Every structure is written in structure tokens, then in C-alpha cells.
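Asks: Sending over a structure as C-alpha cells; questions will come in a sec.
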Protein chains: 2
Amino acid sequence: MTTKVFGHKSPDTDSTGSPIAWAWYMTEVLGQPARAALLGEPNTEAAFVLKHWALEKPEIISGVAEGEKVVIVDTNNPAELPEGINKADITAIIDHHKLVGGLETKGPIDITIRPLACTATIMYDLMGDAVAKAPRGIKGAMLSCILSDTLEFRSPTTTAHDKEVCAALAADLGVDMGALATAMFEAKSDVSAFSDAELLRMDSKEYTVDGKELRVSVLETTAPKLVLDRKASLMASMVDVAKEDGADQVLLFVVDILNEEATLLVPNDFVKTVAEASFGCTVTGDSVVLPGIMSRKKQIIPALKV
Amino acid sequence: MTTKVFGHKSPDTDSTGSPIAWAWYMTEVLGQPARAALLGEPNTEAAFVLKHWALEKPEIISGVAEGEKVVIVDTNNPAELPEGINKADITAIIDHHKLVGGLETKGPIDITIRPLACTATIMYDLMGDAVAKAPRGIKGAMLSCILSDTLEFRSPTTTAHDKEVCAALAADLGVDMGALATAMFEAKSDVSAFSDAELLRMDSKEYTVDGKELRVSVLETTAPKLVLDRKASLMASMVDVAKEDGADQVLLFVVDILNEEATLLVPNDFVKTVAEASFGCTVTGDSVVLPGIMSRKKQIIPALKV
């Protein structure tokens, strides 16, 4: 039986590239037939990465069958996985997020979670010497995942080990990391094709903070102006998105990758209060710039106060 | 701040020895001060192992403070850990049981779960070359953990890798594995000091099977007669233990390590039905012998039908 390997819904580069890398490793090195899958359309950066490394786009699946063999990567959160995931036969989990609880397995399986910036870095370690055997596209996918998740080492989630592995892959491939990262971030910054609601949901996670349901959305971009020019309609759309998704409020952080700062939209007094309480800033208009804020995981979520 | 390293409640050899080994590794190799702890009195085998390798008995703790740094080994089940465990600062989990869900961490941490027989085998791999630096007592504790959890390689949970690591440790220490295992199993078989209720709770886990709460107790022994001679009073005690612990029924499997079989006590028609449905046996008296049954995890739990 072929094992399906997938990451989270709304796949970014790590949730697109890491499943491809691990499916290669399982099939070609471990001798366990496996195939990457996606839980939705990859984002524009991930689509660029697939094309750049001449990788086939994995099949997009909407669910898993009872008893189907699956490997979960880049998440351990049932809310980011197909319904009924616990009825599948989960054979391994490789992730770099906090343990949220909720996934259950039928027997003891391989679970590797590490506080690193990127799933691909963990896979590089798990593969050991076998990495040398990986085709160019697999190494390229892993390189791209690390550049993406670390925002080319600008994100505070970056560890020395992520850098080390990224540099080793780039040297092996003879690739200019800076040029690749620039092209990837440009692809991610092209948001013209997306509606406001799609932008708000593109890289978004729900959190309960002091009893309030917050949908915390992040848009990482090298061209923040493209997003901020749509500020008024994005703020209007937040009301509908929050309602449809059962959230109290959408928070949109537009992360300027090159200037290493985030702009938070402030559509109402509730968000103004949250911004000032969480980040110690003073809000005067309908947005506020937060210098140095790059990471939802490390900087935004731990700071949020309602 | 010193990190506390502990395993599950009712500590057996793995939940006593593995914390000691990992606390050594954290303190001496990683430079992170750590101390082993126990969530109760170690069983007679674990107490023998401590004495045999001249290891100090870790402090017995009954709870953890909010924000206290802890490493959890040999379980990922909140029911087997102190109340409020999710309020502690869990910095790592090393385990070989199925993921049950319920533990939550504040940020991404190191989690390593492997389908191996013993936590100490996983630690041996994680320690890498540093194992060579371990003092005799630490290597001895790890060796004893593997012999205990594999029942000297008789348990079907045993993998080739557990055997390999165990043999490497024994060779390094110049220890006769068979003689050590025999002494350990004899220590475990000395149950004279325990009341019936204590015996029923000594190595016991609760499971919900088809809506029934079952407390599944296992006694691994080289002297099953010592236990079976107490059959009548053990069966009488089951009623009180089930009531006090909110279970519908206690199932006691007396595992004969040397003859590789289990005897299940059959105090009533409910257990008779469970035994016949689960193991395809025919029950004629107040106990039934189940040839080859050694492992709760691999053989008993997956088979249980109510």
C-alpha cells in the first residue's frame, strides 16, 4: 500500500516541498512506497518552487480513507488536517510546531518534532548519508523550504542548524541562495490573483486568546505596498471572514521581509486595544508598523493579549 | 533552573532508569543541569536495578510547579503524569508508546517517539558518541531497562535494534545479560510484600473498550505460582479496586516470563466473555492460560473485545 505524505491545509513551501522530499526518501531509501499529496492549492511561492526544480505538483486530496497509511509533516494540529485524520493509519509525524494535542495513533509510531525553523532541516538530519543520493530536485526542494521558513535567515525562528543545512544544500547544488530566495519571495509577493478573503485565509491560524477566537493571518512579502493599497477592502472583508469562520476577529500582519517589520491593520477599537496591549505600541490610524516583528510563532502569538 | 526528568506513575525499570540516564546526558554532555525524579515508589525490579548499579534513588515527587522545566520519558499520557502537567514547561518528550493526545507544549520542543521496545534504546541513539563517556552505572541502567522492557528479548515488542543496543552495552560493561536478567526477574517476582490491591495496580493501565472502562493489569514473573496461589483473594479485591478507580472491571494477566504465556484470572461471566471473544480460547474455570501472550501493548490491548 502506498503511503501518502502531506503537510497542512493552505500549503506553503514547507508543506509542499517537505512531503515530496520525504516521499522520495521513503520510496527510494527505505523501500516503503510513498507519494506526496497536498491539502489544497500550493501558494504562489510553493508553485514557483515546484516549477523551478521541475517537480511534479502532488495530487490535491480533500480527505483520507479509514485505515489509509499516511505520514504527517509540518503540523501536528488536527484542525489543519483532513477530518477523520485519527481514523487513518498515521505511520509517522515530522514537525517543528508546538504539540497541540488531538492527534492519536493506533500503536507506537515514529514521531520527530524539533524546535527548528523548518521541517526540511529535520528531514535532512533523519536522512543522514542518504541525502547525498537525493536527486537535484529533492535537494532543491529542501533548500527552498529552509529559505522560505527562515525568510532567508531573517526570521527569529532561524537556528544555526537551519543555516548550516541550508548552506550545505546550496553548496552541493551550486546555487546562489540569495538569488533563489529573492525569486521565491517575489513569487510569494504576487498576490494580484487573490481576493481579499483569500488573502486573509492564505497563511492563517486560529487561536483562542483570553476567551476570544482570533484568526491570525500573516502575509510575508517583499512588496507590502501591493497589499496595503488594498487596506480598505481587506478591512471590510475581515468582518465576513470572521463571521464565516466563527472567529471574533481577523488580525492581518503584513510582514515586510526586506525591512524586517510587520504592519498590522487596525480596523476597529478592539484591534487597537489588542495592538497596544500586545506590542506596547501607540496606534493613531488604521494601521501600525511593528519593527522587527517577523514570526507568528515566536513573536506574535506569545505576545497576544486581548 | 534544574530540569526534572521523569517517567510514568508506578515506575518500572524503564521509568526509573531512563530518567537517570537522560539526566546524566543533559547535565554532563549538553550542559543543561537536570535531575531524575520518580512519580512513586519504584517496583521491586527497579529497586534491585538501582542497588545493583549503585545508583541513588531519585527523589519521589507528587506534583510539578507551574512553569517548572520538565522532560517526560516513557509516556505521553497525561493520565500517567502529575495533574497540571500542561502548566509545567515541558522541554522534551522521549517515548515509545502510541500517541494518546492530551499533552500540550507552549512552543516547539524536542519530541522523539519511536516504535522500539524501550525508552533507553531511543536514548542510546540520541546520545550518539556520548554514550562512550557514560559512567558504568548509567550504561548499566540503560542495559537493565532494555532487558526489562523486552523481557530478555522474549516480548514481541522487541526489535532487532533493541537487541543490538543491549548487546553492545553488555559487551562494553562485560556483563552476562542472562544472569542479570534472571536476577532482575527474580526481584520482580518477589511480590510477598504487596497487598492484593497493590498487585492489581502495580503495572496497570486503563482503557476504554467498546464503552467499558477496563483496568488492564499485568504481572510479569518467573514465579507465577506465587501470584496464582493468591487467586481467590485477588479476585475478591478486584471488585473494590474497580470501584475505587471508576473502572467496570480489572483484568489481571499473570505473565510467565520463562514459559512465555499469560494466565488471565476469570472472576465472572463478563471476563469469561471478554477472554473468549478476545483470545479465541475456551474458559472452563476461574482462570485461562493464553500461550504466547507476553505484551499488553502488542497482544492484549489490540485483541480486547467486550
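The values are calculated or read from the model by the stated rules, or taken from the named source; none is laboratory data. Everything numeric here is computed off the predicted structure, so don't read it as measured data. Methodologically, a virtual Cβ is constructed for each residue, glycine included, from the backbone with ideal geometry; neighbour enumeration extends over all protein chains shown.
Asks: With the checklist (1) within 14 Å of another protein chain (Cβ to nearest Cβ); (2) under 25 Å from residue A:189 (Cβ atoms); (3) out of contact with any strand residue (DSSP E or B) (no Cβ under 6 Å at 6 or more places or on another chain); (4) not small (Gly, Ala, Ser) in hand, flag the one item residue A:119 doesn't pass.
Replies: Checking residue A:119 against (1) within 14 Å of another protein chain (Cβ to nearest Cβ); (2) under 25 Å from residue A:189 (Cβ atoms); (3) out of contact with any strand residue (DSSP E or B) (no Cβ under 6 Å at 6 or more places or on another chain); (4) not small (Gly, Ala, Ser), the one that fails is (3).
Asks: On the given criteria, is residue B:66 free of Cβ contacts under 8 Å to residues at least 24 places away in the same chain and either away from every other protein chain (no Cβ under 14 Å) or surrounded by fewer than 16 Cβ atoms within 10 Å (Cβ to Cβ) (or both)?
Replies: Working: free of Cβ contacts under 8 Å to residues at least 24 places away in the same chain: yes; either away from every other protein chain (no Cβ under 14 Å) or surrounded by fewer than 16 Cβ atoms within 10 Å (Cβ to Cβ) (or both): yes.
Answer is yes for this residue.
Each row is one residue, and each column tells you yes or no for (1) closer than 24 Å to residue A:107 by Cβ; (2) among the hydrophobic types (A, V, I, L, M, F, W, C); (3) touching a strand residue (DSSP E or B) at 6+ places or on another chain (Cβ under 8 Å).
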site	(1), (2), (3)
B:226	no, yes, no
B:241	no, yes, yes
B:277	yes, yes, no
B:293	yes, yes, yes
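Asks: Being among the hydrophobic types (A, V, I, L, M, F, W, C) and in contact with a Phe, Trp or Tyr (Cβ under 9 Å, 6 or more places away or on another chain) is the filter here; which residues of the range A:224-259 pass it?
Replies: Quick first cut of the range A:224-259, residues among the hydrophobic types (A, V, I, L, M, F, W, C) only: A:226-228, A:232, A:234-236, A:238-239, A:241-242, A:247, A:250-255, A:257-258.
Residues satisfying the conditions are A:257, A:258.
Asks: Just the residues that are buried (at least 20 other Cβ atoms within 10 Å of the Cβ) and of a type in the set (Asp, Glu), please, taken from the range B:210-265.
Replies: Correct list: B:220, B:256.
Asks: Against the condition hydrophobic (A, V, I, L, M, F, W, C), in a helix (DSSP H, G or I) and touching a strand residue (DSSP E or B) at 6+ places or on another chain (Cβ under 7 Å), how does residue A:126 come out, does it pass?
Replies: For residue A:126, the condition - hydrophobic (A, V, I, L, M, F, W, C), in a helix (DSSP H, G or I) and touching a strand residue (DSSP E or B) at 6+ places or on another chain (Cβ under 7 Å) - is met.
Asks: Spot the failing condition for residue B:47; the list is (1) within 20 Å of residue B:118 (Cα to Cα); (2) surrounded by 20 or more Cβ atoms within 10 Å (Cβ to Cβ), and only one is missed.
Replies: The one condition residue B:47 does not meet is (2).
Asks: Select from the range B:56-68 the residues that are among the hydrophobic types (A, V, I, L, M, F, W, C) and in a loop (DSSP other than H, G, I, E, B) and write down the one among them that is farthest from residue B:184 (Cα to Cα).
Replies: B:65
Asks: For the range A:128-184, what are the residues that are closer than 22 Å to residue A:50 by Cβ and more than 22 Å from the chain's Cα centre (by Cα)?
Replies: Of everything in the range A:128-184, those that are closer than 22 Å to residue A:50 by Cβ and more than 22 Å from the chain's Cα centre (by Cα) turn out to be A:131, A:133, A:134, A:135, A:136, A:172, A:173, A:174, A:175, A:176.
Asks: Another one. Scanning the range B:113-139 for residues that are touching a helix residue (DSSP H, G or I) at 6+ places or on another chain (Cβ under 6 Å) and not hydrophobic (A, V, I, L, M, F, W, C), which turns out nearest to residue A:122 (Cα to Cα)?
Replies: Filtering the range B:113-139 for residues that are touching a helix residue (DSSP H, G or I) at 6+ places or on another chain (Cβ under 6 Å) and not hydrophobic (A, V, I, L, M, F, W, C), the one nearest to residue A:122 (Cα to Cα) comes out as B:114.
Asks: I need the strands (runs of 3 or more DSSP E) fully contained in the range B:196-306, keeping only those with at least 3 residues that are over 20 Å from the mean Cα position of the chain (by Cα) and over 20 Å from residue B:43 (Cβ atoms).
Replies: It comes to B:287-291.
Asks: Same structure, new question: Tell me, which residue of the range B:76-116 that is part of a helix (DSSP H, G or I) and under 23 Å from residue B:13 (Cα atoms) is nearest to the other protein chains (Cβ to nearest Cβ)?
Replies: Within the range B:76-116, the first condition is being part of a helix (DSSP H, G or I), and the residues that meet it are B:78-80, B:85-87.
Among the residues that remain, those that are also under 23 Å from residue B:13 (Cα atoms) are: B:78-80, B:85.
On the way: B:78: 9, B:79: 13, B:80: 15, B:85: 11 Å.
That would be B:78.
Asks: I'd like to know if the range B:33-55 contains one or more residues that are more than 19 Å from residue B:201 (Cα to Cα), part of a loop (DSSP other than H, G, I, E, B) and among the charged types (D, E, K, R).
Replies: no
Asks: Let me ask something else. With respect to residue A:137, is the statement that it is on the phi > 0 side of the Ramachandran plot, of a type outside the set (A, V, I, L, M, F, W, C) and either at pLDDT below 95 or not in a strand (DSSP E or B) (or both) true?
Replies: no
Asks: Something else now. Consider residue B:106 carefully, then state whether it is modelled with pLDDT under 95 and among the charged types (D, E, K, R).
Replies: Details: modelled with pLDDT under 95: yes; among the charged types (D, E, K, R): yes.
Yes, satisfied.
Asks: Turning to a different aspect of this structure: For the range A:176-196, does any single residue satisfy the condition of being more than 25 Å from residue A:263 (Cα to Cα), surrounded by fewer than 18 Cβ atoms within 10 Å (Cβ to Cβ), without any contact (Cβ under 8 Å) to a residue 40 or more places away in the chain and in contact with a helix residue (DSSP H, G or I) (Cβ under 9 Å, 6 or more places away or on another chain)?
Replies: Yes: one or more hits.
Results for (1) surrounded by fewer than 24 Cβ atoms within 10 Å (Cβ to Cβ); (2) touching a residue at least 40 places away in the same chain (Cβ under 8 Å); (3) within 18 Å of residue A:73 (Cα to Cα), shown as yes or no for each residue.
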{"site": "A:108", "(1), (2), (3)": "yes, no, yes"}
{"site": "A:130", "(1), (2), (3)": "yes, yes, no"}
{"site": "A:135", "(1), (2), (3)": "yes, yes, no"}
{"site": "A:148", "(1), (2), (3)": "no, yes, yes"}
{"site": "A:153", "(1), (2), (3)": "yes, no, no"}
